[in-house]
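Notes for the one structure printed next.
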Amino acid sequence: MPEGDSVYRLRQRLDAATTGERVRDGELRSGPAAGTSLAGRRIRGYDTHGKHLLTRFDDGTTLHTHLRMQGSWTLTRAGRALPTTVREKARVRLRLDDGRELWGLDLPVVELLPTAREVDAVGYLGPDPLREDWDAVEAVRRLSLSPARPFVAALLDQTRIAGLGNLWVNELAFLRGIHPFAPIGATDLDALVALAARCLRISATIPGMYQVTTGDRGKGRSHWVVGRAGRPCLRCGTRVRVREEVAGDPEQRRTWWCPRCQPMPSALDVGTPE
């Protein structure tokens, strides 16, 4: 699942493979600047904020992209052609001086803007645990602004804390022992934010630990609740429950939980969707 750790790892791969390279030819094929040539620009580096990727060029411009659920990037060797069906999904193409080609495929967000105005694209986002300017105190402050908001909805809100997607939100609820629909204010926010930051960093930077939340990389044992609907909880054996996503509602995605390990606070038990 593309989350902040996914994009961070993508950034590292692209940085190692293409930073410093000059674009021989290429163009944007989507977004407000569709048709713009990128020829002659040199890739100065990459940055991320939450799930957003920023590709910076030496002419003072930045390519802002977002994968959402379907986007991807691929780099082909010199002389290697992408299949026609894949090329049709290309939203960004960059042919480098050495003949390799960098393709942004099926990207829902493609925006070219001055590097000095990157804040226009990502300034609304909350603190990101994977950035050097990570501010845990600010993340706690933002989450505390709406203490009655459901746990999963609060953590999916990228303006509160950036980089957590559905997988991490559900797994964090389990790790904190809180029902996913309980109010965010019902848990220790300082402890929650510290745990979220630690988990995201481990996933993003430690080989073999990408989105492993249990510490066990064995098949079917890497997640506590995500993807385990109807299966025994790895901790207590109770069957894991799931609630399907609500179409058109970004705050109500598919949600998994163990009813024994994650009880709803008693005063709030009535009316809980199960």
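The values are calculated or read from the model by the stated rules, or taken from the named source; none is laboratory data. Keep in mind the model is a prediction, meaning the values are calculated, not measured. A quick note on method: Cβ atoms are made from the backbone with ideal geometry, for glycine too, and the neighbour counts reach across all protein chains shown. Calculation scope for accessible area: heavy atoms of the full protein, side chains included, ligands and nucleic acids excluded. Shrake-Rupley method; radii C 1.70, N 1.55, O 1.52, S 1.80 Å.
Quick one: count up the residues across segment 70-111 that are in a loop (DSSP other than H, G, I, E, B) and under 20 Å from TYR8 (Cα atoms).
So in segment 70-111, the residues in a loop (DSSP other than H, G, I, E, B) come out as 70-71, 77-83, 88-89, 97-100, 106-108.
Filter again for under 20 Å from TYR8 (Cα atoms), leaving 70-71, 106-108.
Matching residues across segment 70-111 total 5.
Please verify whether GLY40 is modelled with pLDDT of 95 or more, part of a loop (DSSP other than H, G, I, E, B) and out of contact with any His (no Cβ under 6 Å at 6 or more places or on another chain), treating the condition exactly as stated.
On the way: modelled with pLDDT of 95 or more: yes; part of a loop (DSSP other than H, G, I, E, B): yes; out of contact with any His (no Cβ under 6 Å at 6 or more places or on another chain): yes.
Against the criterion (modelled with pLDDT of 95 or more, part of a loop (DSSP other than H, G, I, E, B) and out of contact with any His (no Cβ under 6 Å at 6 or more places or on another chain)), GLY40 qualifies.
Matching residues to (1) in contact with a helix residue (DSSP H, G or I) (Cβ under 7 Å, 6 or more places away or on another chain); (2) modelled with pLDDT under 95; (3) closer than 25 Å to GLN211 by Cα:
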{"position": "PRO2", "(1), (2), (3)": "no, yes, yes"}
{"position": "LEU28", "(1), (2), (3)": "no, no, no"}
{"position": "TYR46", "(1), (2), (3)": "yes, no, yes"}
{"position": "ASP59", "(1), (2), (3)": "no, no, no"}
{"position": "THR65", "(1), (2), (3)": "no, no, yes"}
{"position": "ARG68", "(1), (2), (3)": "no, yes, yes"}
{"position": "LEU102", "(1), (2), (3)": "yes, no, no"}
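Under 6 Å between Cβ atoms, at least 6 apart or on separate chains: pull out the pairs that start in segment 153-164 with a residue that is in a loop (DSSP other than H, G, I, E, B) and end on any residue that is surrounded by fewer than 21 Cβ atoms within 10 Å (Cβ to Cβ).
Going by the 6 Å Cβ cut-off, the qualifying pairs are GLN158/LEU125; THR159/TYR124; THR159/GLY126; ARG160/GLY126; ARG160/ARG142; ILE161/GLY126; ALA162/LEU125; ALA162/GLY126.
So is VAL212 open to solvent by less than 50 Å² (accessible area, probe 1.4 Å), closer than 21 Å to ARG228 by Cα and part of a helix (DSSP H, G or I) or not? If you could, list the steps in order and put the result at the bottom.
Working: open to solvent by less than 50 Å² (accessible area, probe 1.4 Å): yes; closer than 21 Å to ARG228 by Cα: yes; part of a helix (DSSP H, G or I): no.
The answer is no for VAL212.
Please identify the pairs in which a residue from segment 125-151 that is part of a loop (DSSP other than H, G, I, E, B) has its Cβ atom under 6 Å from the Cβ atom of a residue that is of a type in the set (Phe, Trp, Tyr), counting only partners at least 6 apart or on another chain.
Matching pairs, first to second residue: PRO127/TRP134; LEU130/TYR8.
Scan segment 155-176 residue by residue and report those that are open to solvent by 10 Å² or more (accessible area, probe 1.4 Å) and not basic (Lys, Arg). Lay out the reasoning, then the answer.
The first filter runs over segment 155-176 and keeps only residues open to solvent by 10 Å² or more (accessible area, probe 1.4 Å), leaving 156-160, 166, 175-176.
Scanning segment 155-176 gives LEU156, ASP157, GLN158, THR159, ASN166, LEU175.
Give segment 130-154 a look and list any residue that's among the β-branched types (Val, Ile, Thr) and buried (at least 21 other Cβ atoms within 10 Å of the Cβ), or say none.
Result: VAL152, single match.
Any residue that is free of Cβ contacts under 8 Å to residues at least 40 places away in the same chain, of a type outside the set (Gly, Ala, Ser), open to solvent by 10 Å² or more (accessible area, probe 1.4 Å) and out of contact with any Phe, Trp or Tyr (no Cβ under 9 Å at 6 or more places or on another chain) - is there at least one of those in segment 177-187? Steps first, answer last, please.
Narrowing segment 177-187 to residues free of Cβ contacts under 8 Å to residues at least 40 places away in the same chain: 187.
Those left that are additionally of a type outside the set (Gly, Ala, Ser): 187.
The next check asks that each one be open to solvent by 10 Å² or more (accessible area, probe 1.4 Å); those that pass are 187.
If we keep only those that are out of contact with any Phe, Trp or Tyr (no Cβ under 9 Å at 6 or more places or on another chain) too, we end up with none.
No, because not a single residue in segment 177-187 is free of Cβ contacts under 8 Å to residues at least 40 places away in the same chain, of a type outside the set (Gly, Ala, Ser), open to solvent by 10 Å² or more (accessible area, probe 1.4 Å) and out of contact with any Phe, Trp or Tyr (no Cβ under 9 Å at 6 or more places or on another chain).
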